[in-house]
1. Can you tell me which of (1) farther than 30 Å from residue 48 by Cβ; (2) touching a residue at least 60 places away in the same chain (Cβ under 8 Å); (3) more than 25 Å from the chain's Cα centre (by Cα) is the one residue 388 doesn't meet?
2. Could you pull out the residue among 366, 352 that is among the β-branched types (Val, Ile, Thr), closer than 30 Å to residue 310 by Cβ and assigned by TED's automatic domain parsing to the domain that holds residue 300?
3. Does the range 252-271 hold any residues that are of a type in the set (A, V, I, L, M) and not in a helix (DSSP H, G or I), and which are they?
4. Any residue in the range 197-221 that is on the phi > 0 side of the Ramachandran plot sitting within a Cβ distance under 8 Å of a residue that is surrounded by 14 or more Cβ atoms within 10 Å (Cβ to Cβ) and of a type in the set (Ser, Thr, Tyr)? List the pairs, counting only those 6 or more apart or interchain.
5. I'd like to check something: does the range 280-290 contain any residue that is in contact with a strand residue (DSSP E or B) (Cβ under 8 Å, 6 or more places away or on another chain), aliphatic (A, V, I, L, M) and either outside any loop (DSSP other than H, G, I, E, B) or at pLDDT 90 or above (or both)?
6. Return the residues of the range 163-186 that are in contact with a Ser or Thr (Cβ under 9 Å, 6 or more places away or on another chain) and either part of a loop (DSSP other than H, G, I, E, B) or not small (Gly, Ala, Ser) (or both); say none if nothing qualifies.
Amino acid sequence: MALSQGLQQKLLQKLSPQQIQLMKLLQVPTANLEERIKEEMEENPALELDEEGHEDNFDDVKDEFSENGEEEFDEPDGSETEYDNIDISEYVRDGDDDIADYKLRDDNYPEDDDKKTLPYKTETSFYELLLNQLGMLKLEEKQQKIAEQIVGSIGEDGYLRRETAAIVDDLAFRQNISTTEAEVEEIIKKIQQFDPPGVAARNLQECLLLQLYRMQDEGKNVQLAIRAISKYFDEFTKKHYEKIQRGLDLNDEHLKEMMQQIVRLNPKPGGIVGEMNKAENYVVPDFFIINNSGKLELTLNSRNAPELRISEGYRDMLKEYDRGAKKDKRQKEAVLFIKQKIDAAKWFIDAIKQRQHTLFSTMTAIMNHQYEFFLTGDETNLKPMILKDIAEKTNLDISTVSRVANSKFVQTEF
């Protein structure tokens with residue numbers, strides 16, 4: 001086959017990292033936004049919360065799919081040219097210290113973003129539940145530390161995955177506590193009496209037996225189930241019920257009753273607490289619509305607009321570098337790293353601002369479309385509405401409107 005050369009022209013549309021970041025942020029509900037911001041602050045030390053209310057002077061936020069957005073940050077290739085051409089003038093300009101707009105506002109100007117206080121539930125984790133019960137036991141100081149080590153070794157499913165000998169070694173090397181396996185086993189038996197039943201078991205067989213013994217202590221007739229799990233556990237896991245029936249000399253009715261008792265047991269006792277907490281999640285509204293004398297007013301939850309800024313420490317480092325006369329390669333590498341982190345922080349702050357603007361404009365269009373419904377609360381006033389209707393009113397893409405509406409809630413007066 002002969003080789004040939006050809007010229008081909010292609011037109012590709014690529015999303016910048018900033019656009020991808022914005023699209024992901026649009027999907028995040030208010031309840032999870034703080035966690036997302038914390039993750040970004042842990043990854044980028046140049047980003048920090050502005051607790052004093054300072055404002056950074058950034059350019060107006062670009063449209064989500066604007067072609068004139070900021071250029072992508074190019075990774076330094078480590079060449080001498082890359083280090084020699086470092087320009088930090090825009091990072092240390094005097095304009096950064098200008099008086100912020102909010103300080104020049106009239107005191108009589110109404111504040112738009114009303115800080116609304118919302119109640120939040122307090123949850124008790126599985127680990128905290130065990131520690132609370134541990135506090136009810138009368139233990140000596142040494143036994144208390146051993147018990148805390150055991151509780152800390154219990155997984156989220158409720159099983160004690162650590163061997164007794166390993167717990168003894170952990171106590172000796174990490175806490176300088178000398179103990180024996182017999183003493184640890186004694187405390188494990190006490191923890192196995194905690195709720196939920198079956199906790200601190202080493203395997204499934206022990207977990208089921210702990211629950212059956214608890215039922216027996218409550219006066220229930222589970223002797224056959226205890227014998228079946230104790231002597232015929234392998235047959236039970238392989239569903240060889242006829243062998244269990246012959247071994248225990250049971251008729252069909254007794255076998256069925258015994259199997260019903262065993263099937264109702266929980267193989268993962270620790271999962272009960274987690275499932276309860278997930279089922280009790282409260283809705284955190286992203287928007288508030290208030291009827292003010294027959295006129296609807298829309299506000300965003302204040303948690304949608306956190307005060308973020310660029311770290312002053314990073315800016316000070318760039319100013320020190322700019323004032324210095326001697327600049328070696330190591331300093332230039334550090335400056336490139338700082339510039340990259342500051343750029344990433346600016347992109348994230350811009351994305352948060354753009355998210356706030358997009359959420360507000362989209363919800364405003366929805367409110368105006370369903371104005372009579374939000375005014376009266378009468379479901380008969382609801383109008384047919386699809387994503388395309390809102391996209392045309394806001395001049396946004398349908399996919400953007402879909403991201404805004406996904407997992408979002410609005411609080412009204414009814």
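1. Looking at each condition in turn, residue 388 falls short on (2).
2. 352
3. Residue satisfying the conditions is 265 alone.
4. 200/159
5. Yes: the range 280-290 contains one or more residues that are in contact with a strand residue (DSSP E or B) (Cβ under 8 Å, 6 or more places away or on another chain), aliphatic (A, V, I, L, M) and either outside any loop (DSSP other than H, G, I, E, B) or at pLDDT 90 or above (or both).
6. 167, 168, 170, 171, 181, 184, 185
Residues are listed down the side, and each one gets a yes or a no for (1) crowded, with 16+ Cβ neighbours inside 10 Å; (2) within 30 Å of residue 45 (Cβ to Cβ); (3) in contact with a Leu (Cβ under 6 Å, 6 or more places away or on another chain):
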{"position": "352", "(1), (2), (3)": "yes, yes, no"}
{"position": "356", "(1), (2), (3)": "yes, yes, no"}
{"position": "362", "(1), (2), (3)": "yes, no, no"}
{"position": "374", "(1), (2), (3)": "yes, no, yes"}
{"position": "383", "(1), (2), (3)": "no, no, no"}
{"position": "390", "(1), (2), (3)": "yes, no, no"}
{"position": "394", "(1), (2), (3)": "yes, no, no"}
{"position": "403", "(1), (2), (3)": "yes, yes, yes"}
{"position": "410", "(1), (2), (3)": "no, no, no"}
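The values are calculated or read from the model by the stated rules, or taken from the named source; none is laboratory data. All of these numbers come straight from a predicted model, not from anything done at the bench. Cβ atoms come from the backbone with ideal geometry, glycine included; neighbour counts cover every protein chain shown.
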